[in-house]
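Participant: So that we are looking at the same thing, I have put the structure below in structure tokens.
The values are calculated or read from the model by the stated rules, or taken from the named source; none is laboratory data. Since this is a predicted model, take the numbers as computed values, not measurements. Positions of Cβ are generated from backbone atoms using ideal geometry, with glycine treated the same way; all protein chains shown enter the neighbour counts.
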Amino acid sequence: LLPQNQPARINPGDSLLVGGLILRLELRFSPSKNPGEIELPGPADIFLNLSGGVACIGDIDSPEGPRLVETASGACAACLYQAGIEKQWMALAMPGSRILVNGLSVLEHQLQLHDDVTIGRYRYVFLKDAACLRPAKPPEALGLAAHGIALRAGGWAGIRPILNDVSVEIPAGQLTCIIGPSGSGKTTLVKILCGVLAPDVGELQINGRPFPFDEYRLQLDGRIGLAPQDDVVHGELTVSQTMQFSAALRLPANVEPAEKQGRIARILRDLDLYQHASKRVAELSGGQRKRVNVAIELLASPAILFLDEPTAGLDSDAERQLFVCLKRLARQGRTVVAVTHSLAVADEADCVILMHDAGNVDADQR
């Protein structure tokens with residue numbers, strides 16, 4: 001019985017009996033996140049203290065435990081401790097810090113094998129047997145280049161040039177926009193860069209290394225994602241169901257359920273779709289449906305992602321929101337290429353390739 005009109009200490013997990021109702025107190029906090037913040041692999045392994053059962057993770061001024069330089073000065077960012085008879089490792093966020101587990105903000109969480117853990121801006125994978133947090137492997141950076149590419153309708157002897165001595169570079173880990181009117185050769189160029197269509201002449205490179213076309217195509221096998229212009233999602237399924245079915249088709253059978261769910265949650269969060277996971281696709285806006293198409297392609301963790309006319313049918317606000325998400329993906333280490341008619345999105349790109357008639361090209365790399 002609490003004393004009347006006097007303060008009393010109440011802790012998370014306490015149960016209160018109020019007017020015949022039992023209330024359980026839960027404490028939650030989620031510090032705001034800068035949408036442009038870049039998540040990085042952790043600086044090094046964090047080995048948990050098996051003897052003491054507690055590991056405090058903080059910044060350079062933290063009095064104990066591993067250091068993370070991006071946390072608030074003098075503060076501890078997280079506490080990992082063993083709890084219960086089975087000594088399961090728990091992660092506890094400290095005031096002013098942010099912990100994500102498998103893409104979701106948590107105050108306290110029991111860690112499972114291969115959980116994806118983000119502390120501040122650093123990502124780790126929890127290895128239970130080794131009792132450590134291992135830096136998450138960043139997406140592989142993949143840069144492409146084409147030099148002196150030419151293609152004519154009907155082959156080299158054809159009359160009409162589709163691409164004429166085109167040279168372009170797609171920088172690794174950046175957002176590139178290929179912009180031009182219909183008939184300028186955008187789609188043809190992308191097919192060549194994807195290894196789908198062989199040019200009549202010219203050289204293709206991956207990370208600065210030239211390859212004959214057949215070998216170039218083999219090198220890209222399984223490393224490219226392509227989000228088409230038209231929606232490839234079923235309107236009656238929810239976003240969550242769409243991702244579950246797509247994961248079952250695209251991911252290897254040996255992927256652990258926890259890893260799969262974590263990957264889905266992180267992708268939806270990166271594309272600002274997590275809050276819409278229970279909605280039917282038909283209930284989404286045009287921009288949100290475009291992002292669901294992108295989410296499906298990201299399941300297989302492609303090194304380079306191509307998007308065909310992602311802004312088609314979108315208003316200016318939806319365009320901007322989509323490209324904010326695409327830039328976020330690029331900042332995580334992926335190479336992102338968007339093919340579009342829209343000049344409005346050029347300011348969001350790291351590199352802009354402008355295509356004119358017969359594939360003449362102007363490039364602007366910021």
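Participant: With 163, 142, 151, 113 as the choices, which residue is within 28 Å of residue 213 (Cα to Cα), touching a residue at least 40 places away in the same chain (Cβ under 8 Å), part of a loop (DSSP other than H, G, I, E, B) and among the aliphatic types (A, V, I, L, M)? Explain how you work it out, then say what you get.
Facilitator: Details: 163 fails: part of a loop (DSSP other than H, G, I, E, B); 151 fails: part of a loop (DSSP other than H, G, I, E, B); 113 fails: within 28 Å of residue 213 (Cα to Cα).
Going through 163, 142, 151, 113 in turn, the sole match is 142.
Participant: For the range 177-201, give me each residue that is in a loop (DSSP other than H, G, I, E, B) and polar (S, T, N, Q).
Facilitator: If the condition is that a residue be in a loop (DSSP other than H, G, I, E, B) and polar (S, T, N, Q), then 182, 184 are the ones that fit.
Participant: Return yes or no: is residue 123 touching a residue at least 24 places away in the same chain (Cβ under 8 Å), among the basic types (Lys, Arg) and farther than 18 Å from residue 260 by Cβ? Working first, answer last.
Facilitator: Numbers: touching a residue at least 24 places away in the same chain (Cβ under 8 Å): yes; among the basic types (Lys, Arg): yes; farther than 18 Å from residue 260 by Cβ: no.
So residue 123 does not fit the description; no.
Participant: Filter the range 121-164 down to the residues that are at pLDDT below 85, touching a helix residue (DSSP H, G or I) at 6+ places or on another chain (Cβ under 9 Å) and surrounded by fewer than 19 Cβ atoms within 10 Å (Cβ to Cβ) and list them by number.
Facilitator: Residues satisfying the conditions are 160, 161.
Participant: Now for a separate question. State whether the residues of the range 202-221 include one that is at positive phi, surrounded by 15 or more Cβ atoms within 10 Å (Cβ to Cβ) and either assigned to a loop (DSSP other than H, G, I, E, B) or over 25 Å from the mean Cα position of the chain (by Cα) (or both).
Facilitator: From the range 202-221, those at positive phi are 202, 207-208; that's our starting set.
If we keep only those that are surrounded by 15 or more Cβ atoms within 10 Å (Cβ to Cβ) too, we end up with 202.
Applying the additional criterion that residues be either assigned to a loop (DSSP other than H, G, I, E, B) or over 25 Å from the mean Cα position of the chain (by Cα) (or both) yields 202.
Yes, some residue in the range 202-221 is at positive phi, surrounded by 15 or more Cβ atoms within 10 Å (Cβ to Cβ) and either assigned to a loop (DSSP other than H, G, I, E, B) or over 25 Å from the mean Cα position of the chain (by Cα) (or both).
Participant: Scan 279, 290, 327 and give me the residue that is on the phi < 0 side of the Ramachandran plot, buried (at least 19 other Cβ atoms within 10 Å of the Cβ) and among the charged types (D, E, K, R).
Facilitator: Numbers: 279 fails: buried (at least 19 other Cβ atoms within 10 Å of the Cβ); 327 fails: buried (at least 19 other Cβ atoms within 10 Å of the Cβ).
Result of the check over 279, 290, 327: 290.
Participant: Tally time: how many residues in the range 222-254 are among the polar types (S, T, N, Q) and either part of a strand (DSSP E or B) or in contact with a helix residue (DSSP H, G or I) (Cβ under 7 Å, 6 or more places away or on another chain) (or both)?
Facilitator: Residues of the range 222-254 that are among the polar types (S, T, N, Q), as a first pass: 229, 238, 240-242, 244, 246, 254.
Those left that are additionally either part of a strand (DSSP E or B) or in contact with a helix residue (DSSP H, G or I) (Cβ under 7 Å, 6 or more places away or on another chain) (or both): 238, 242, 246.
So the answer is 3.
Participant: What about residue 237, is it on the phi < 0 side of the Ramachandran plot, out of contact with any Gly (no Cβ under 6 Å at 6 or more places or on another chain) and at pLDDT 90 or above?
Facilitator: When the stated conditions are applied, residue 237 passes them.
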